[in-house]
Structures are given as C-alpha cells and as structure tokens.
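No value in this document is a laboratory result; all are computed from the given coordinates. Every value quoted in this text rests on a predicted model; they were computed, and no experiment measured them. Ideal geometry is used to build each Cβ from the backbone, glycine not excepted, and the neighbour counts take in all protein chains shown.
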Amino acid sequence: VGVQWFNYHGVCQILVLVTYVSAFMSVWMVVMVTFENYVCICHPQLVTKLCTARRAQLVILLLLVLSTLCYHFPVWTSHVVLISNVSVCTEVG
C-alpha cells in the first residue's frame, strides 16, 4: 500500500485482524438485515418481540465476539518481514 506505519509489529497484526473481522461482520450484517426484513414481511406479529434495539445490540456483540474468536489467528501468523530492503506486513503459514 505504501503506508509505512502499516509495517510495524502490532499494527500489522491488528490491521490484518480488523480486515478479517470486517469481512465477517459485513456478510453477517447483510444476513441479519435480510432476517429482519423476512420477519417484518412474513411474520409482522413477531416484529415487536424479535426486532428490538436491545436484541440488535446483542446480536452485533455476539457476532463481534464470534468473529474475533474465529479469526484471531492473524495475530499469531502475521509478521513484518524485510523483502528487498522494504518492510512488508504479511501472513506466514
């Protein structure tokens, strides 16, 4: 990318972790919006029970925890390596 601060130990691992978690969350947020639309259209009597702000916050929190548990491996497998005298953040393994 050409941004040098990406290539520091710690920043590299966090950047890769955030990339994985963001991709996971993006897909599952679409699934949750689709589910909410399904409930609104097919089961309007359940909207007040299932579609609440508190339940949405809980689902988002659970998805964040699940995504972090599933994709914590970049913290251990990403490293800054020197390639042709240039520091590069890369996944090893």
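Brief remarks follow.
- Condition check for T48: among the hydroxyl-bearing types (S, T, Y) and in contact with a strand residue (DSSP E or B) (Cβ under 6 Å, 6 or more places away or on another chain): no
- Test for T77: is it touching a Gly at 6+ places or on another chain (Cβ under 8 Å), among the β-branched types (V, I, T) and surrounded by fewer than 14 Cβ atoms within 10 Å (Cβ to Cβ): yes
- Candidates are the residues of the range 13-27 that are surrounded by fewer than 16 Cβ atoms within 10 Å (Cβ to Cβ) and under 15 Å from T77 (Cα atoms); the one that is farthest from the chain's Cα centre (by Cα) is I14.
- For the residues Y38, Y71, the requirement of being free of Cβ contacts under 8 Å to residues at least 24 places away in the same chain and aromatic (F, W, Y) singles out Y38.
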